[in-house]
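Data first, discussion second: the structure below is written as structure tokens.
The values are calculated or read from the model by the stated rules, or taken from the named source; none is laboratory data. Quick caveat, the model's predicted, so the values are computed rather than measured. Cβ sites come from the backbone with ideal geometry, for glycine too, and all protein chains shown count toward neighbours.
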Amino acid sequence: MFRRSIPDEHALVFPFGEPKSRTLHMAFVPFAIDAVWVIDGEVTAVTRLRPFFGFGRGRGDAVIELPAGAAAAVEPGDRIELVHPDGTTDVPG
């Protein structure tokens with residue numbers, strides 16, 4: 001919220017702990033994003049959310065927000081690994 005974009009090659013990761021249904025809304029967000037819901041690093045849902053009015057729902061223990069189009073080839077069942085700026089990796093969730 002109140003950002004102008006998510007930079008390329010970046011993501012916002014929201015770990016929640018336990019897997020359950022999660023929703024996202026785009027109120028006050030002036031740009032589209034791709035949202036990826038995961039459980040233990042496995043993709044459960046992928047949604048493109050429109051600016052200001054987008055809404056998405058999926059089941060996950062984490063949600064990853066990416067620049068619009070970055071998750072175009074991502075599908076449920078894919079595995080996700082995060083690469084941090086220092087080169088370390090981990091699995092979201």
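Looking at this structure, is Ala27 among the small types (Gly, Ala, Ser), outside any strand (DSSP E or B), under 13 Å from the mean Cα position of the chain (by Cα) and loosely packed, with under 12 Cβ neighbours inside 10 Å? Step through it out loud before you land on a result.
Details: among the small types (Gly, Ala, Ser): yes; outside any strand (DSSP E or B): yes; under 13 Å from the mean Cα position of the chain (by Cα): no; loosely packed, with under 12 Cβ neighbours inside 10 Å: yes.
Criteria not met by Ala27.
For Thr89, state whether it is in contact with a strand residue (DSSP E or B) (Cβ under 6 Å, 6 or more places away or on another chain), of a type in the set (Ser, Thr, Tyr) and at pLDDT 90 or above. Before the answer, list the steps.
On the way: in contact with a strand residue (DSSP E or B) (Cβ under 6 Å, 6 or more places away or on another chain): yes; of a type in the set (Ser, Thr, Tyr): yes; at pLDDT 90 or above: no.
Taking the combined requirement at face value, the residue does not satisfy it.
Would you pick out the residues in the range 1-24 that are small (Gly, Ala, Ser) and either part of a loop (DSSP other than H, G, I, E, B) or surrounded by 14 or more Cβ atoms within 10 Å (Cβ to Cβ) (or both)? It would help to see each step written out before you state the result.
If we filter the range 1-24 for residues that are small (Gly, Ala, Ser), which is where we start, we get 5, 11, 17, 21.
Passing the criteria: Ser5, Ala11.
If you scan the range 40-55, which residues turn out to be touching a strand residue (DSSP E or B) at 6+ places or on another chain (Cβ under 8 Å), at pLDDT 95 or above and either more than 23 Å from Val83 (Cβ to Cβ) or not acidic (Asp, Glu) (or both)? Steps first, answer last, please.
Here is the first cut: in the range 40-55, the residues touching a strand residue (DSSP E or B) at 6+ places or on another chain (Cβ under 8 Å) are 40-49, 54-55.
This time we only want the ones that are at pLDDT 95 or above, so: 42-49.
Listed by number, the residues that qualify are Val43, Thr44, Ala45, Val46, Thr47, Arg48, Leu49.
Residues being in contact (Cβ under 8 Å) with a residue 12 or more places away in the chain and either β-branched (Val, Ile, Thr) or in a loop (DSSP other than H, G, I, E, B) (or both): count how many of those fall in the range 44-79. Give the steps one after another, and end with the answer.
First pass over the range 44-79, keeping only residues in contact (Cβ under 8 Å) with a residue 12 or more places away in the chain: 44-72, 74-79.
Filter again for either β-branched (Val, Ile, Thr) or in a loop (DSSP other than H, G, I, E, B) (or both), leaving 44, 46-47, 50-54, 63-64, 68-72, 74-78.
Of the residues in the range 44-79, 20 are in contact (Cβ under 8 Å) with a residue 12 or more places away in the chain and either β-branched (Val, Ile, Thr) or in a loop (DSSP other than H, G, I, E, B) (or both).
Could you check the range 48-64 and list, in sequence order, the residues that are surrounded by fewer than 17 Cβ atoms within 10 Å (Cβ to Cβ) and among the charged types (D, E, K, R)?
Taking the range 48-64 as the starting set, the residues that turn out to be surrounded by fewer than 17 Cβ atoms within 10 Å (Cβ to Cβ) are 48, 50-53, 55, 57, 59.
Matches in the range 48-64: Arg48, Arg50, Arg57, Arg59.
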